[in-house]
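What follows is a single structure, written as structure tokens, with notes after it.
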Amino acid sequence: MPVILLQSELPSTNLPFLFAAFAVSWAAFFIYAFFVTRRQQELQRELREMRRALEQSESEGGA
């Protein structure tokens, strides 16, 4: 049975590309996590402001 050689290069020659893809994937994850965290903080701040405004309007209307 003949053996077909599919790739003439050693697999270790592709390791830099593997590491680069790995690094890019982790960088993308951390950038995404940073923006999600920042957006969540903005939403929490906005929610606190809305609660404060609601409490203030209720206290003015009930007095």
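Out of curiosity, is Q7 modelled with pLDDT under 95 and not hydrophobic (A, V, I, L, M, F, W, C)? Yes. Against the list (1) outside any helix (DSSP H, G or I); (2) modelled with pLDDT of 95 or more, the condition M50 fails is (1). Of the residues making up the stretch 13-45, those that are surrounded by 10 or more Cβ atoms within 10 Å (Cβ to Cβ), of a type in the set (A, V, I, L, M, F, W, C) and more than 18 Å from the chain's Cα centre (by Cα) are L15, L18, F19, A20.
The values are calculated or read from the model by the stated rules, or taken from the named source; none is laboratory data. Quick caveat, the model's predicted, so the values are computed rather than measured. Ideal geometry is used to build each Cβ from the backbone, glycine not excepted, and the neighbour counts take in all protein chains shown.
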